[in-house]
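Only one structure is covered here, and it is reproduced in the block below.
The numbers here are math on the coordinates, done by the rules we state, and not lab data. Predicted, not measured: the structure shown is a model, and the values here were computed from it. Here the Cβ is made from the backbone with ideal geometry for all residues, glycine too, and neighbour counts use every protein chain on show.
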């Protein structure tokens, strides 16, 4: 069973049967300051001031504008506010009809509010908890069961606006819930991201270890194949060099050095050709270094200094190579 008021029932009928959205609202305009009280069907968004003018409101006699009834309604600060779907009544009372409540005084713990509450709550306790912002205790005392009828405020001899305290506390509790949900959602996202990053790191580490094992197995297989095919120490050294990249580089350097020594100790003609080629190579490197130095625009002093040092070192190498070539030529001419 669903209990609805007449306005909601009509809106449901128009939406379901006629396909018409909720674009208007029947609003009651009443009060002693209204010349033509009655029910008016107005479009949502219509300024309340326009509706009050049509109802003939006497602005001199009107003291307040209340949306809702005298018990559950609340004051509207500005008549330019629009009519919304919850604007079921606009009350424009005179001072005599609805006097301005006197200033609130201290609670005397009379218990009249508890007797008047239709939801059998403890308005007095809720008031103390609302003042102290003890939201957990407010929820423990079923604050959200309050229907905000205003009976407790009406019977209060101290004129305490109890319903206003309850409304403010409800809004604060709902805001705290939203913040808590947002924080929980952010924490869940952070934890999920951390778990994902750890999983990806573990997968990368596993792939890295697998590649390392595969490389070691491949190198071991090559070393064993080279050892089985080789016939002497040279083959064993080559196999070891293949198994170890650093050792391979060392072996290649030794081989180049041995080849250079063999060329130097060989025939004079071969030695002269080698030295001459070395001089040509160094000369080309010197020319390239000078071009870089000349082309540099001089933006940073450190770069220019490095280029100058490179040119000087290359010039020294070229001088040594030319001197060695001259000595070789002189030795060859003496032997001849």
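Remarks
- Contact order relative to length of segment 101-218, as percent, for alpha carbon pairs under 8 angstrom and 6 or more apart: 25 percent
- Sorting the segments 45-51, 86-92 by their mean number of nearby beta carbons within 10 angstrom, highest to lowest, gives 86-92, 45-51.
- Taking the DSSP beta bridges with both ends in the chain, the antiparallel portion is around 80 percent.
- Extents of segment 6-91, taken as max minus min of Cα coordinates on every principal axis and listed largest first, are 45, 25, 21 Å.
- Translational D in µm²/s for segment 101-218 (Stokes-Einstein at 10 °C, 1.306 mPa s, Kirkwood Rh from C-alpha pairs): 87 µm²/s
- Tensor-based shape of the chain (alpha-carbon gyration tensor, a/c under 1.5 rounded, otherwise prolate or oblate): prolate
- Taking the chain as a Gaussian network of alpha-carbon nodes connected by springs under 10 Å, the highest mean-square fluctuation of the residues 172, 58, 294 belongs to 294.
- Helix 6-17 and the longest principal axis of the C-alpha atoms of the chain enclose an angle of approximately 50°.
- Whole-angstrom gap from segment 268-325 to segment 132-192, using each part's C-alpha centre: 85 Å
- Within segment 116-138, backbone nitrogen closer than 14 Å to the virtual label 7 Å beyond the Cα of residue 147 toward Cβ: 116-121
- Rel. contact order, % - alpha carbon contacts under 8 angstrom, at least six apart, the chain: 9 percent
- Within the listed set 75, 169, 302, the residue fluctuating most in the Gaussian network model of the chain (springs between alpha-carbon atoms under 10 angstrom) is 302.
- Inter-label distance, nm, simple model (7 Å from Cα along the C-beta direction), residue 329/residue 192: 8.1 nm
- Inter-label distance for residue 225 and residue 207, nm, one decimal - labels placed 7 Å from Cα along Cα-to-Cβ: 2.7 nm
- Entry note, the chain: the mean residue ellipticity at 222 nm calculated from DSSP H runs of n ≥ 4, each adding -39500 (n - 2.57), is -21000 deg cm²/dmol after division by the residues and rounding to the nearest 500.
- Sorting 150-158, 5-13, 314-322 by average packing, meaning the other beta carbons within 10 Å per residue, from highest down gives 150-158, 314-322, 5-13.
- Helix 162-229 and the longest principal axis of the Cα set of the chain meet at an angle near 20°.
- Using 0.36 nm per residue and subtracting the Cα-Cα separation, the extra length available between residue 270 and residue 254 on full extension is 3.7 nm.
- For the chain, the longest principal axis of the Cα atoms and the long axis of helix 245-264 meet at an angle of about 30 degrees.
- For segment 266-335, the convex hull spanned by the alpha carbon atoms encloses 63 Å³ per residue.
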